[in-house]
Amino acid sequence: MGQLALLIVLLAALLTPLVMARFKISVVPTAVAEIVVGIILGKSLLNWVPMTTSLSQLSTLGVIILIFLSGMEIDFDLFKPQSAGTNGVVTKWTPLKLAVGAYVGILLVAGLLGWLLQLTGLFSDILLATILFSTVALGVVIAALTEKELLSKALGQTILLTAALGEIIPLLALTAYAALNGGHSSQLWLVLLIFLAAIALLLRFRSIYRFFAKIDKTTTQLDIRLAFFLIFALVTVAEQVGAENILGAFLAGIVMKLLQPSKATRDKLTSIGYGFFIPIFFITTGAKLNLRTLLADRNSLILIPIFFVCFLLAKSIPVWLFRQRFTLKNAIAASFLTSTTITLVLPTLQVAQNLHVINSQQAGAFVIAAVLTCICSPIIFNQLYRPEKEDLVKTRVTFIGANILTVPVAQRLSHGWYSIRMLTDQQKNYRTYNSEARNVTLLPDLSANTLTAADAFATDILVLGHLDHDVNVRLAQAAVKNHVPRIIARFEARDVADDRYEVLAEQGVEIYNSFDINISMLREMIESPSTLKLLTGNDAGLYEVTVHNRRFAGRELKSLPFIEKVTISRIYRNGQFIVPHGDTFIEQDDHLIFTGDKNVVPEIRRLLSVHN
């Protein structure tokens with residue numbers, strides 16, 4: 001019977017997304033659909049899935065891997081203070097400030113709602129209610145933001161940070177709650193050992209992780225073996241010190257994230273989790289619910305809408321804070337999306353039931369209310385959201401040095417998908433070119449401190465076109481330290497004994513000089529005159545765009561919406577050029593080199609270059 005139950009669950013896991021695709025059900029997250037399928041197959045209706053030992057173990061593994069993958073979703077770059085918005089405009093309300101303020105408000109309202117429930121006699125545990133009402137389903141939020149291409153936008157970053165706090169803080173609170181209610185309060189300090197173990201594993205494997213890629217092969221899959229080692233090592237430590245295993249799983253995900261795994265590794269881990277273990281967890285969660293008993297009990301029936309409203313009200317404060325930077329509609333939309341919760345609610349209820357602080361009717365009411373938030377909130381978000389003005393962001397290019405070489409290039413780029421800034425310390429050049437180029441700024445000097453104060457390094461592309469090569473070397477070194485995504489530096493003459501150029505090239509600085517460019521252009525005029533006309537013409541050109549939008553990763557070239565308007569000649573991937581065909585699959589961070597009408601290029605850049 002146990003094997004048959006597992007077979008039914010696996011068949012349901014296979015058919016659920018197929019049925020959703022067949023009937024175009026896209027407004028409901030897959031996780032919610034799997035819980036509903038579990039309700040149908042379990043105690044509530046058909047009773048085909050009894051909880052066997054093997055199913056329980058696989059379900060536990062499912063929640064552990066789900067929380068592990070949630071830890072891997074945390075983007076720590078978002079926690080760094082930002083001096084500018086996504087469009088380069090300085091703003092008081094950064095995503096970090098908004099998210100922290102919003103989540104403090106969520107905790108306060110969640111605590112108030114827990115107190116009101118205790119006051120009315122509907123639910124007596126204030127702390128447990130606060131933990132549950134303050135949770136946010138990070139996975140569902142990421143899926144909704146990805147669909148709207150918002151992960152790189154200020155609004156998306158703010159929502160994502162709030163959701164990240166909505167997993168980290170309740171998880172830590174749940175660990176303390178379980179220790180206090182489980183009679184292990186005197187050993188609560190031992191939880192610190194989990195964090196020490198996580199730090200030790202990070203330091204141990206950081207130095208050798210890159211070595212894995214050199215010796216890895218299909219039959220070893222060292223990255224995956226390491227991931228599961230981290231999971232079970234930290235889960236074991238967590239259980240030994242009396243903490244919840246999901247805290248160990250979450251920290252394992254964070255450690256794996258900080259090791260900077262490749263996209264291929266992340267995809268493999270996601271495939272293992274969402275392809276096998278996680279659907280079992282969601283389906284068995286639904287199968288364990290007994291709606292007949294729950295709906296037959298009048299008190300439980302009253303609790304479902306009350307808990308649902310509490311989940312929504314707990315996320316009401318962010319509307320006021322988000323309104324400080326975003327439109328009212330988008331602030332309300334963001335608030336509804338953060339009210340989505342399911343991921344951490346389920347393990348929290350499992351812990352509470354193990355501690356016997358909540359009965360099955362109350363737990364069932366919380367689950368149904370959480371499922372309702374996952375159904376309603378993303379739909380409301382999609383209906384309310386409208387793009388912000390600052391979302392229409394061009395690629396930022398900063399030129400240092402205004403001269404006869406850089407100014408004409410800046411003039412041409414300013415008419416395309418680029419936002420241009422020019423910085424110079426030469427007053428004569430400033431007077432000469434200020435009327436010819438847009439946004440030219442005169443600085444007292446070109447020291448690193450002056451450029452930092454002028455936000456020169458807050459750019460997507462930094463072009464060092466100063467005539468003094470030593471200045472370009474110094475600024476290139478400063479730009480590398482400031483993690484500028486692309487640095488292009490001009491060096492006309494190189495001293496053979498000077499190895500600074502090679503060092504900079506190894507650090508990713510793109511080096512050019514007029515002599516090499518002239519030779520290349522003359523050669524093109526002789527060998528490929530038509531190509532040169534294409535490069536220098538005004539109507540069409542040769543272009544390159546990097547695929548940052550994850551929505552297009554894994555798709556065939558022929559399925560691109562603009563494929564009829566351009567000709568893709570090469571794909572630059574992992575240091576190699578690939579000859580493309582219609583059935584060639586695109587990977588994230590591919591460089592597409594194509595020819596086409598210049599009028600279609602801005603839309604192509606907008607579609608492909610959005611960071612998700």
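The values are calculated or read from the model by the stated rules, or taken from the named source; none is laboratory data. Everything quoted here is computed from the prediction, not taken from an experiment. We place every Cβ from the backbone using ideal geometry, glycine too, and count neighbours over all the protein chains shown. In case anyone asks, the SASA skips ligands and DNA or RNA and just uses the protein heavy atoms, side chains included. Shrake-Rupley method; radii C 1.70, N 1.55, O 1.52, S 1.80 Å.
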Spacing of the two label points (7 Å from each Cα toward its C-beta) at Ile215 and His581, in nm: 3.7 nm
Value of [θ]222 nm, deg cm²/dmol, for the chain, DSSP H segments ≥ 4, -39500 (n - 2.57) each, nearest 500: -18000 deg cm²/dmol
Computed FRET value (nearest 0.05) for Asn47 with Phe76, which takes r as the C-beta separation and R₀ as 41 Å: 0.35
Given charges at Cβ of Lys, Arg, Asp, Glu: the chain dipole, positive-most of Met72, Leu295, Ala176: Leu295
Relative contact order computed over the chain (Cα-Cα under 8 Å; 6+ residues apart), in percent: 15 percent
Rounded percent of accessible protein surface that carbon and sulfur make up, the chain, 1.4 Å probe: 60 percent
Packing-based ranking, highest mean first, of 248-260, 374-386 given that Cβ atoms within 10 Å are counted: 248-260, 374-386
Gyration tensor verdict on region 545-612 (Cα atoms; rounded if a/c is under 1.5, prolate if a/b is larger than b/c, oblate otherwise): rounded
Links that overshoot a 19 Å alpha carbon limit, given the list Lys153/Lys481; Lys24/Lys288; Lys263/Lys481; Lys394/Lys598: Lys153/Lys481; Lys24/Lys288; Lys263/Lys481
Relative contact order (%) - region 224-351, alpha-carbon pairs under 8 angstrom, separation at least six: 15 percent
Relative contact order, percent, region 274-343 [alpha-carbon distance under 8 Å, six or more residues apart]: 23 percent
Accessible-area order (highest first, 1.4 angstrom probe) of the listed residues Tyr433, Tyr103: Tyr433, Tyr103
Packing-based order for 600-606, 516-522, using average beta carbon neighbours within 10 Å, highest first: 600-606, 516-522
Inter-label distance for Glu603 and Thr452, nm, one decimal - labels placed 7 Å from Cα along Cα-to-Cβ: 4.4 nm
Highest-first arrangement of 363-371, 50-58, 451-459, where packing means the average Cβ count within 10 Å: 363-371, 451-459, 50-58
Whether region 155-307 is rounded, prolate or oblate, judged on the alpha carbon gyration tensor where a/c under 1.5 counts as rounded: prolate
Interchain or long-range residues, amide H under 5 Å from Leu405's placed H: none
Signed unit charges on C-beta, dipole axis of the chain, positive-most listed residue Gln57, Val255, Ile208: Gln57
Karplus (6.51, -1.76, 1.60) ³J(HN,Hα), θ = phi - 60°, over region 244-252, in Hz, Gly and Pro reported as x: 7, 5, 5, 5, x, 5, 5, 5, 4
Per residue value of the accessible surface for the chain (all protein chains in place, 1.4 Å probe), Å²: 48 Å²
Whole-number D in µm² s⁻¹ for region 438-513, Kirkwood Cα-pair radius fed into Stokes-Einstein, 37 °C, 0.692 mPa s: 256 µm²/s
Residue-span extension gain [Thr236 to Val104] - 0.36 nm each, minus C-alpha spacing: 44.3 nm
For the chain, alpha-carbon Rg and Dmax in angstrom: 27.7, 88
Angle in degrees between helix 263-272 and the longest Cα principal axis of the chain, rounded to the nearest 10: 20 degrees
